[in-house]
Amino acid sequence: MLIFNTISETQDYLKSQQKAGKSIGFVPTMGALHAGHISLIERSKADNDLTVCSIFVNPTQFNNPEDLKKYPRTLGKDCEMLLPAKCDVVFAPSAEEMYPSLPQLRIDFGTLETVMEGKFRSGHFNGVGIVVSKLFNVVKPDKAYFGLKDLQQVAVIRQMVRDLSFDLEVVPCPTLRETDGLAMSSRNTRLSVEARALAPQIYKVLHLAKKKLETGASTKETQELVNQHFSNYPSFSLEYFEVADYDTLKPILAKNETGKTALCIATFLGGVRLIDNIVF
Ligand code: PAF
């Protein structure tokens, strides 16, 4: 496994591989890897000749400086996980390498970012859009793999790839879960023992909400059920629960009869912000 810290050495190596006819799969990450990330690497390995994983904690997508400070940085451990997964190349740049000067460009994703994460984390998707564009320009992948746990991120990146004609395919991949249903996330390691025991309630409530909508209930009635469920667990502080169209992310009034319905949730639990969703 090759580990590069600079853009130029990464580009030089990948250009030579592309010239030799090799297809490139790309898994962008912020490190603190878990089995969910490794499943993306495995998918990329199955689809491509060469798999590149980037590890970069992108400061411009954090709207909360405390969150950025607390974000785990575990490069050594991450590489230990990538090695047996047979990742070919790790690109782990410094902030100075990625941002010799602060980008002046701003990306406005319109209605895709006025809801959910975009509404509560101002500027977050601009930061994601800029860094993912830069990473795409460094790696020039044929396919890029993103986990559906960040459903809105996937929607935003698909839009960006379409709008800017990036010559690559975005491959959304299923959320990996712990055996009790909790979506895998690097933030889970910050949960106390008590909070960790309660965390599966998030997935549970998403399923209760799905069942309710399937009986013909409205979004409003379903929202009430979610609020009522969490009222039994005062450790949760619900930020949002949305019933949205999977493609447009526009809120919908009841289960989608034509397209896919996404149920999305963000909640604080013991000071840790967790998100999850299900699509049906
Ligand atoms: O999903 C993430 O880990 C990040 O948002 C990404 C896509 C690597 C951009 O920094």
Normalised per residue, the volume inside the convex hull of the alpha-carbon atoms of the chain in Å³ amounts to 134
In segment 65-197, lysine pairs with alpha-carbon atoms under 26 angstrom apart (chain gap of 8 or more, or interchain): 20
Mean separation of Cα contacts under 8 Å (6+ apart) over length of segment 167-261, as relative contact order %: 19
Given only helices, namely DSSP H runs of n ≥ 4 each adding -39500 (n - 2.57), what is the per-residue ellipticity at 222 nm of the chain, to the nearest 500 deg cm²/dmol? -11500 deg cm²/dmol
Below 8 Å between Cα atoms, with a sequence gap of 6+, how large is the relative contact order for segment 1-91 in percent? 41
15 Å Cα-Cα reach of LYS210 towards aspartates and glutamates, excluding residues that sit fewer than 8 places from it in its own chain: GLU221, GLU224, GLU242, ASP245, GLU257, ASP276
Fluctuation leader among GLN152, GLN17, GLN61 - the chain, Gaussian network, Cα springs under 10 angstrom: GLN17
Please label the shape of segment 198-280 as rounded, prolate or oblate, based on the square roots a ≥ b ≥ c of the eigenvalues of the alpha-carbon gyration tensor (a/c under 1.5 means rounded; beyond that, a/b larger than b/c means prolate, else oblate). prolate
Expected max-MSF residue from ASP88, ASP47, ASP163 in the GNM of the chain (alpha carbon, under 10 Å) is ASP163
Percent of beta bridges antiparallel (DSSP, the chain, rounded to nearest 5): 50
Value of Rg to Rh for segment 129-280 (Rh from inverse mean 1/r over Cα pairs, i.e. Kirkwood): 1.01
Tell me the relative contact order for the chain as a rounded percent, counting alpha carbon contacts under 8 Å between residues six or more apart. 17
Kindly provide the trypsin sites (Lys or Arg not before Pro) of segment 16-101 that DSSP labels as loop, not H, G, I, E or B, and whose Cβ sees at most 11 other Cβ atoms within 10 Å. LYS86
Given THR111, GLY129, GLY31, which one lies farthest toward the positive end of the charge dipole of the chain, if we put +1 on the Cβ of every Lys and Arg and -1 on the Cβ of every Asp and Glu? GLY31
Rounded to the nearest 10, the angle in degrees between the Cα long axis of helix 35-47 and the longest principal axis of the Cα atoms of the chain comes to 50
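FYI, it's all coordinate maths here, none of it is from the lab. Fair warning: this is a prediction, and the values are worked out from it, not measured in the lab. A quick note on method: Cβ atoms are made from the backbone with ideal geometry, for glycine too, and the neighbour counts reach across all protein chains shown.
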